[in-house]
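Structure record follows, encoded as structure tokens.
Quick note: the coordinates plus some simple rules give every number you see, no bench work behind them. The structure displayed is predicted, hence computed values, not measured ones. Here the Cβ positions follow ideal geometry from the backbone for every residue, glycine too, while neighbour counts run over all protein chains shown.
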Amino acid sequence: MNSLVDALPGARHVSPLPPYRPEVELRSGETVFLDLEMLIRQRDAYWRLRQSRYFAIVSVDPQGGICWPEGEDFASDGLERYVVSQS
């Protein structure tokens, strides 16, 4: 892994992209793309996220993670597990 992924500082902004691949602007100014598809499809706890309209209302929590209104979330220190590319 490169140093950006190793030191992921947390999200500043997130944009939902299909299928289940949010674009995350980090506090450092870099942008990464996450792949959450397998996790969302396999884990029942994320069943709401399978609905595209619900997935689209993703936001950034105060700690730099990404979250949804009903409590689904990915902590800032765990985002690096899902990074598939960066720009």
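Numbers below:
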{"item": "Around SER87: net Lys/Arg minus Asp/Glu count, Cβ-Cβ under 14 Å", "result": "-2"}
{"item": "Among VAL24, SER85, VAL58 the positive-end extreme of the charge dipole of the chain (Cβ point charges)", "result": "VAL58"}
{"item": "Over the chain: helical MRE at 222 nm, DSSP H runs n ≥ 4 each giving -39500 (n - 2.57), nearest 500", "result": "-3000 deg cm²/dmol"}
{"item": "Relative contact order [Cα under 8 Å, 6+ residues apart], the stretch 3-86, whole percent", "result": "32"}
{"item": "Label selected from (1) -0.64, -0.81, -1.18; (2) -0.25, -0.48, -1.44; (3) -0.30, -0.54, -1.36, the criterion being log10 I(q)/I(0) by the Debye sum over Cα atoms at q = 0.11, 0.15, 0.26 Å⁻¹ as computed here", "result": "(2)"}
{"item": "Pair-distance profile P(r), taking every C-alpha pair of the stretch 7-47, with 5 angstrom steps and integer %", "result": "6, 25, 24, 20, 16, 8, 2"}
{"item": "Where labels lie 7 Å past Cα in the beta-carbon direction, separation of ALA56 and GLU25 in nm", "result": "2.0"}
{"item": "Student exercise, the chain dipole from Lys, Arg, Asp, Glu Cβ charges, in Debye to nearest 20", "result": "280"}
